[in-house]
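Let me begin by presenting the structure, written as structure tokens, before commenting on it.
The values are calculated or read from the model by the stated rules, or taken from the named source; none is laboratory data. It should be emphasised that the depicted structure is a prediction, and the values quoted were computed from it without experimental measurement. Glycine gets a Cβ as well: all are built from the backbone with ideal geometry, and neighbour counts include every protein chain shown.
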Amino acid sequence: MHRGRVVVALLAVVIALVLQTTLFGDGGVRPLGVAPALVTLVIIALGPYVETEYHLLLGFTAGMLMDLMGSGTLGLWAMTLTTVAYASSRLRAQFTDSLLLTGSIVFGLTVMGQVIFVLLGTLFGQNLIGDSSLVAKIVLPAVWNLLLAVPVVWVLGLVLSPSDRGWAT
Amino acid sequence: MFPTSGRRLTRATVLFLSLIAIGFLIATFDVRSEGDSVSNVMREGTQSIFTPMQKGVRWVASPLIGFVDGVSNIAGLREENERLQDRIVVLEAREREVAAIEEEVRQLEAIVGVEAPEELPTVTARLYSSGPSAFDNVRYIDKGANDGIVAGQAVIDEQGLVGRVDLVSANDARIRLITDPLVSAGVRIRSTNETGIVSGRGDGPLRLEMFRATEAVYEGDLVVTDGSRFPPGLVVGRIAETADAEVGFVLRTTVNPSARLSEVDYVKVIIGWTALDADLSDGVVDTNTATTTTTTVPPTTSTTVPSPEEEG
């Protein structure tokens, strides 16, 4: 059991959350007014390195933390990031050395996460679908995640010992 | 590369579905409980854990943020400088006029025996964090209950209304911005004195609805709070699109917020005024119960309505 690796992964989620709310928060680095979805990116990038069950729990935990620090209904990001983690786990075999494929997965799963959150938010009365910048808030985080995918995947690969990542099933 | 067994895949799928079900139950509970004390305690607890890290990172990252901000804005700095120089000349002239008018008002008040209104007490706070996603219209400030802040108080910057305090802990508080779709405020059009309700749309201009409008509103008209949910006279913004009033129909248009919501660093919380309406424990305004009650509480100095001459 590689519990140490899960702890490191959880630490990565916490760091991503802190950076998301400060460095990429309001008044911070927000190209075109929208920040990258860093927590979503970390959850996606953990796919090849963490066992599926732990990955799902990490996604749920990260989502709950986002819900608790955000303004919306509790549980929405938890469901969203659990779904993203599940999809990422199912696609772990596709995380290869191909930058194009990895980038496509990051972009696609980020868009998927944003869309799921908007739909869930609307379902639970948050009126997110009426947001005047809806398209930008869905697409731009995915674009920034695409650009950040290389350093984030590289750093996670470094700290999570890519040499024996084959243990994950 | 990553072999998977059918048994493990099933376990993972079951866990996935279980977590989704738990998330759904939590969301349902949260909606039904309408932000009760349990969820608020959880939110406050989580925020208090993250606050030291956020403040530390914010402090370390400030130079980097400033550098990136400066680089991205360098092209417009020269033009902005010229514009501001022109603006200074105009404002200096206005300042002289305002001083003369203030003196005149003081004399008139002395004549009719009316005391000059006192300024509402405020607390200056710094924003150190925002919501974790693009859909969160909240900001965290470094002042809380120990500084006299309670839920429901108005938050302003030097330009106008920023939002409302909606969650308070001992040393921190959360602000829900006026752009939040769940926030609305009773307002008055300065030029016509007619009232309406503005509500957030997540981003950008606010939605304005006037149910008993008899006069048109024009682009650039000043919109201020009417004193029902926020202290009266706080600048909310200016009408973005001209709209005509038709008898029997709701006048709908948009308002550009005056506050620099995406750039604000320091804000003031008006601690000397609380809304008369009940049901503000969660800081979310129910548009269905919004009233247009006015009070005699005077506006603050920092975001007060300019005189009609200034509006010109």
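Remarks
- Unmet requirement for B:S281, which otherwise passes all of (1) out of contact with any Asp or Glu (no Cβ under 7 Å at 6 or more places or on another chain); (2) modelled with pLDDT of 50 or more; (3) part of a loop (DSSP other than H, G, I, E, B); (4) closer than 21 Å to B:D147 by Cα: (2)
- A residue that is over 15 Å from the mean Cα position of the chain (by Cα) and of a type outside the set (A, V, I, L, M) occurs somewhere in region A:13-22.
- Count of region B:46-65 residues which are facing chain A (nearest Cβ under 8 Å) and closer than 18 Å to B:R139 by Cα: 9
- Failed item, numbered, when A:S133 is tested on (1) at pLDDT below 90; (2) away from chain B (no Cβ under 11 Å): (2)
- Failed criterion for A:V84 (all others in (1) hydrophobic (A, V, I, L, M, F, W, C); (2) surrounded by fewer than 22 Cβ atoms within 10 Å (Cβ to Cβ); (3) touching a helix residue (DSSP H, G or I) at 6+ places or on another chain (Cβ under 8 Å) hold): (2)
- Every residue from region A:10-40 that is among the small types (G, A, S), more than 7 Å from chain B (Cβ to nearest Cβ) and free of Cβ contacts under 8 Å to residues at least 60 places away in the same chain: A:A16
- Every test in (1) over 29 Å from A:V135 (Cα atoms); (2) modelled with pLDDT of 85 or more; (3) buried (at least 23 other Cβ atoms within 10 Å of the Cβ) is passed by B:V236 save one, and that test is (1).
- Residue in region A:57-74 that is buried (at least 24 other Cβ atoms within 10 Å of the Cβ) and of a type in the set (V, I, T) present: no
- All positions within region B:130-180 that are more than 14 Å from every other protein chain (Cβ to nearest Cβ) and basic (K, R): B:K143
- Residue check for A:V7: more than 7 Å from chain B (Cβ to nearest Cβ), in contact with a helix residue (DSSP H, G or I) (Cβ under 8 Å, 6 or more places away or on another chain) and either among the β-branched types (V, I, T) or closer than 19 Å to B:A61 by Cα (or both): no
- Some residue of region B:214-222 being surrounded by 24 or more Cβ atoms within 10 Å (Cβ to Cβ), more than 11 Å from the chain's Cα centre (by Cα) and modelled with pLDDT of 85 or more: yes
- Filtered by the rule that a residue be surrounded by 19 or more Cβ atoms within 10 Å (Cβ to Cβ), among the β-branched types (V, I, T) and part of a helix (DSSP H, G or I), region A:7-40 gives A:V13, A:V18, A:T21, A:V39, A:T40.
- Filtered residue count, region A:41-82, keeping only those that are in a helix (DSSP H, G or I), β-branched (V, I, T) and at the interface with chain B (Cβ under 7 Å from one of its Cβ atoms): 2
- Some residue of region B:11-33 being more than 30 Å from the chain's Cα centre (by Cα), assigned to a helix (DSSP H, G or I) and farther than 18 Å from A:A78 by Cα: yes
- Verdict on B:V264 being in a loop (DSSP other than H, G, I, E, B), within 14 Å of chain A (Cβ to nearest Cβ), within 14 Å of the chain's Cα centre (by Cα) and over 13 Å from B:E194 (Cα atoms): yes
- Within region B:284-306, none of the residues are at pLDDT 50 or above and either surrounded by 18 or more Cβ atoms within 10 Å (Cβ to Cβ) or not polar (S, T, N, Q) (or both).
- Residue check, B:R229 touching a Gly at 6+ places or on another chain (Cβ under 7 Å) and modelled with pLDDT under 90: yes
- Qualifying residue in region B:9-26 (condition: modelled with pLDDT under 85 and on the phi < 0 side of the Ramachandran plot): yes
This table checks each residue for (1) of a type in the set (V, I, T); (2) free of Cβ contacts under 8 Å to residues at least 12 places away in the same chain.
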{"residue": "B:R190", "(1), (2)": "no, no"}
{"residue": "B:N193", "(1), (2)": "no, yes"}
{"residue": "B:P205", "(1), (2)": "no, no"}
{"residue": "B:V224", "(1), (2)": "yes, no"}
